[in-house]
Amino acid sequence: MKAMESKHSVIFADSVAGMAEIEDRSVRLVVTSPPYPMIEMWDGLFSEMDGQIGRALQRERGREAFEKIHRLLDLVWRQLARVLAPSGIACINIGDAVRSIGGKFSLFANHARITSGMLSLGFDLLPSIIWKKSTSSPTKFMGSGMLPPTAYVTLEHEFVLIFRKGGARKFTTPAEKDMRRKSAFFWEERNKWFTDVWIDLPGTSQALEGLAKRDRSAAFPLELAYRLINMYSVQGDMVLDPFLGTGTTVQAAMASGRNSTGIENEHDLKPLILERISRVPETANKIGRNRLDNHINFVRERQLLMGPLKHWNSYYGFAVMTRQETEIRIPFIKSITYVSDNRFKVSHEYRRDWRSPAEQPPPAIPCNSVCPRPNRGTQLKLFTS
C-alpha cells in the first residue's frame, strides 16, 4: 500500500512561550491536561511562576491562590484561541481538588473555572465527558468516616471538557471528504466512545523513577488521548498538547495518523519522552489490530443475533453496520525517523493483512438490504472458507 507521512515535534519551553512558535489557525485539535490547581504536588510549580501564589498559600488564602493559578492557565487558553483553526476543538482533561486550608475543608472546582475562562474567550462548550477512575481501595472515604455530618463524598472522577471555536467544521473538497470517510470509526466504537461517562478506562502508571523534579507524572492513559483524537479530528490534522508531560498525546497522534506538536517545560522528561516514542510502532499497531479484530468479533455476534448486515467495507472485506463505515482505513506505522531538533517523521500505511495468514479468519459474507433475516433458532453462517 502507498505510504503516508505525518510530522511530529516536541518543544521544550513553557506553554505560552512554546505556542509562540505555532502559526495562527494551524491546529485542528487540542488534547491536554494542565497541572491541576490546588493539588499540592503542583504548588511549587505555580509558586515559581507567580510568587503571589506561594504567599497566598502560606497565608491560607485558598480562594485567592485558586484564582491566581487559573489566571496563569488563562494565558494558555488565550493562545489556544489564536492557534486553533476555525471549528477547531479543545479537549481539556481536568480534575477538581479537595483541600483543607485555614481549618476549612472544601472543593476547588477547576472544571467550572476553566469552563468560565474558555467561554469568555468565545469558545462554545460541547457535551463533556466524566471519566470515572477505577480504585481498588476498600477505605476510600474522606472526613469523619462513619460519623455525620463531616463525612465527605469521595472524588473519583475527572472531566474531559470539550470546547469548539465557532461552528461545525465543513469538508468541501473531494480530498477532504475522502479523508473524513477514511477516518470514520465503527458503529460499536461510537456507542462506546461517545457516552458521557467513561468507566472502562483505567489510569496509567504515574511513577517517574527520578527522571524529573517530581515523583509522579500525572499523565492520562494513552487510550484516552487516542479516543479523543479519533473522535474529534481526521487523519492528517494537526494535534497540539501545550502540557505534554511524558508525551502521551504525541504518541496517540502518531498511532492515529495525525500530525502533532507537544510543548513541555520540564527538560528532564526528554529521555522518557524519546524512549516512549521509540515504542510507539509496537503499541500503535497493536491498537490497530485490536480495533479490526474487535470489529470482526462484533460482526460475528451481531449477525448471529440479528441477521446479516446491510453494508460492506470492501477494503477489509468485512460487514459494517452503516454506510459511513464502508471506507474506514486504520493507519499502521511502518517506521519512525528522528529528523532533528526533537522532530520526527512517521511513515504510515493501510493494511488489509493486519494479521498473519494463519490468524486471518475467512471474510464475513457480504450482504445488502435484500438479504433474508434468519428465522428464530436458525444458525446463520457468518464466514465462508
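Quick note: the coordinates plus some simple rules give every number you see, no bench work behind them. Note that the structure is predicted; figures quoted are calculated from it, not measured. FYI the Cβ positions are ideal-geometry reconstructions off the backbone, even for glycines, and counts take in every protein chain you see.
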Can you find, among Tyr36, His311, Ser6, the residue farthest towards the positive end of the dipole of the chain? Put +1 on the C-beta of Lys and Arg, -1 on that of Asp and Glu. His311
The set of residues whose placed amide H lies less than 5 Å from the amide H of Gly88, leaving out same-chain residues fewer than 5 positions away, is Lys165
Reach of Lys270 by Cα under 17 Å, taken over aspartates and glutamates that are not fewer than 8 positions away in the same chain: Asp14, Glu209, Asp215, Asp241, Asp341
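Quick one: net charge of Glu176's neighbours, Cβ under 14 Å, K/R +1, D/E -1?
+4
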Using Cα positions and a limit of under 27 Å, work out the lysines in reach of Lys310, with same-chain residues fewer than 8 apart set aside. Lys177, Lys182, Lys192, Lys381
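Sorted from fewest to most neighbouring beta carbons within 10 Å, what does the list Ser87, Ser314, Ser15 look like?
If I rank by nearby Cβ atoms, fewest first, I get Ser314, Ser87, Ser15.
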Can you sort Thr283, Thr322, Thr261 by how many other beta carbons sit within 10 Å, fewest first? Thr322, Thr283, Thr261
Karplus 3J(HN,Hα) series, Hz, for region 177-185 with 6.51 cos²θ - 1.76 cosθ + 1.60 (x for Gly, Pro): 5, 5, 5, 5, 5, 5, 8, 4, 10
Amide H contacts of Thr261 (H built 1.01 Å from N, under 5 Å, at least 5 apart or other chain): Ser9, Val239, Leu240, Asp241
Going out from 0 in 10 Å bins, what whole percent of all Cα-Cα distances in region 249-331 drops into each bin? 15, 35, 24, 16, 9, 1
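To two decimal places, what compactness ratio does the chain give when its Cα radius of gyration is scaled by 2.2 N^0.38 Å?
1.10
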Per GNM of the chain with C-alpha springs under 10 angstrom, the most fluctuating residue out of Leu224, Leu72, Leu161 is Leu72
In degrees, nearest ten, helix 222-232 long axis to first principal axis of the chain (Cα): 70
Suppose a student asked you for the relative contact order of the chain, using Cα pairs under 8 Å spaced at least 6 residues apart; what percent would you report? 21
Amide H neighbours of Phe318 at under 5 Å, excluding residues fewer than 5 places away on the same chain, with H built from the backbone geometry, are Asn313
